[in-house]
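Colleague: This is the structure, below, for whatever I ask next.
Read-outs: derived from the displayed coordinates by stated rules, not from any lab. Bear in mind the structure is a predicted one, so any value in this text is a computation, not a measurement. Note that we place each Cβ from the backbone using ideal geometry, even for glycine, and neighbour counts take in every protein chain shown.
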Amino acid sequence: MNIRHLFVFTGGLLFGFGLAYGGMAQQEIVLSFLQLTDLGLLLLLGASAFVTALTINLVPKILKGPLLGGEFKKRTRTLNKRTIIGAAIFGVGWGISGQCPGSAWASLGVGNLPVLIGIATMALGAYIMGRFFT
Amino acid sequence: MFPLGIVPYIVGGILIGIGVGHIYITTGLHATQSSFFSTILSYVSKRPYFQQKQYLESRGWRLTFAIGVILGAFIYAITISPDGLFWTTVQWWRLAIGGFLVGFGTRLSKGCTSGHGISGLASLSTTSLYAVITFLAVGIATALIIQALGVIP
């Protein structure tokens with residue numbers, strides 16, 4: 001394992017711990033948010049996006065590049081129909097199951113093994129998208 | 001509005017943000033989630049879409065990242081979690097059908113709650129903002145309809 005992977009791994013630990021702490025590993029909590037009975041996940045999204053925003057907008061002004069080499073690149077996405085149609089399809093799946101890609105891994109970590117079903121069908125969905133819609 | 005309190009949500013969100021920031025500061029990588037599926041499919045599919053350079057280059061660290069997320073959640077479950085290990089009661093067919101649409105939709109949209117929601121909003125992307133508004137609105141509508149149809153849990 002090279003040193004970059006070590007930092008990716010420790011960042012993943014924090015990400016997974018935070019997801020589980022914030023309830024994302026429990027589909028019941030995600031669904032209670034989407035059913036508007038517990039709006040806490042908006043706070044989780046806001047806090048995580050805010051902390052990330054501070055980092056990715058301020059750090060490149062202080063450091064010339066990442067500490068382990070390379071360069072800081074912006075994450076770029078172009079708005080088109082696929083962005084919105086894809087997000088809508090994702091929304092339907094999220095509302096049906098309470099699962100999303102990151103929280104599925106956190107679910108495995110807390111022993112929530114039924115989500116293996118969802119991970120398998122997520123991989124299938126990603127395959128069908130890449131196979132037939134590109 | 002917040003029956004479980006607000007502390008776990010805010011602390012959890014801050015930890016996620018620190019995790020993403022930690023990876024960005026050290027490596028310059030954007031630690032997002034749904035691309036995992038496209039990159040891992042490059043191991044099994046020879047289709048040109050999955051053999052793109054960006055997927056071949058990133059599959060190693062994305063696998064490492066996913067393992068980190070799983071272990072991080074496991075550490076939470078065996079240390080400070082009030083619930084310990086957890087097993088969802090949401091029915092298997094909901095996990096299966098929902099999962100398929102999540103996998104398809106996030107890859108079509110090139111982002112999920114993590115990519116558009118955290119990294120996208122953090123980089124002040126209007127594209128991601130529209131995506132987030134869309135999946136939140138559709139997700140809420142879908143969950144309310146399923147609930148109204150009497151599907152519990």
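Colleague: Just wondering, is there one or more residues in the range A:39-61 that are closer than 30 Å to B:Arg47 by Cβ and part of a helix (DSSP H, G or I)?
Modeller: no
Colleague: Which count do you get for residues in the range A:4-43 that are within 9 Å of B:Gly19 (Cα to Cα) and of a type outside the set (Gly, Ala, Ser)?
Modeller: Summing the residues that are within 9 Å of B:Gly19 (Cα to Cα) and of a type outside the set (Gly, Ala, Ser) in the range A:4-43 gives 5.
Colleague: So B:Phe86 ticks every box in (1) of a type in the set (Phe, Trp, Tyr); (2) in a helix (DSSP H, G or I); (3) at the interface with chain A (Cβ under 7 Å from one of its Cβ atoms) but one. Which box is left unticked?
Modeller: B:Phe86 satisfies every listed condition except (2).
Colleague: Residues to consider are A:Gly91, A:Gly98, A:Gly118; find the one that is touching an Asp or Glu at 6+ places or on another chain (Cβ under 8 Å), crowded, with 24+ Cβ neighbours inside 10 Å and facing chain B (nearest Cβ under 7 Å).
Modeller: A:Gly98
Colleague: Can you tell me which residues in the range A:51-70 are in contact with a helix residue (DSSP H, G or I) (Cβ under 9 Å, 6 or more places away or on another chain) and either facing another protein chain (nearest Cβ under 7 Å) or of a type in the set (A, V, I, L, M) (or both)?
Modeller: Selection gives A:Val51, A:Thr52, A:Ala53, A:Leu54, A:Thr55, A:Ile56, A:Val59, A:Leu63, A:Pro66, A:Leu67, A:Leu68, A:Gly70.
Colleague: Then there's this: Pick out the one residue from B:Leu41, B:Leu129 that is touching a Phe, Trp or Tyr at 6+ places or on another chain (Cβ under 6 Å), farther than 18 Å from A:Ser103 by Cα and not polar (S, T, N, Q).
Modeller: Just a single option satisfies the conditions, and that option is B:Leu41.
Colleague: While we're here: Among the residues of the range B:59-69, is any more than 7 Å from every other protein chain (Cβ to nearest Cβ) and under 25 Å from A:Asn57 (Cα atoms)?
Modeller: Yes, the conditions are met somewhere in the range B:59-69.
Colleague: Of the numbered conditions (1) at the interface with chain A (Cβ under 7 Å from one of its Cβ atoms); (2) basic (Lys, Arg); (3) in a helix (DSSP H, G or I), B:Arg47 satisfies every one except a single condition; which is it?
Modeller: With respect to (1) at the interface with chain A (Cβ under 7 Å from one of its Cβ atoms); (2) basic (Lys, Arg); (3) in a helix (DSSP H, G or I), B:Arg47 is out only on (3).
Colleague: Return yes or no: is A:Leu19 surrounded by 21 or more Cβ atoms within 10 Å (Cβ to Cβ) and facing chain B (nearest Cβ under 7 Å)?
Modeller: The answer is yes for A:Leu19.
Colleague: Out of (1) among the hydrophobic types (A, V, I, L, M, F, W, C); (2) assigned to a helix (DSSP H, G or I); (3) more than 7 Å from chain B (Cβ to nearest Cβ), the odd one out for A:Met24 is which?
Modeller: Condition (2) is where A:Met24 drops out.
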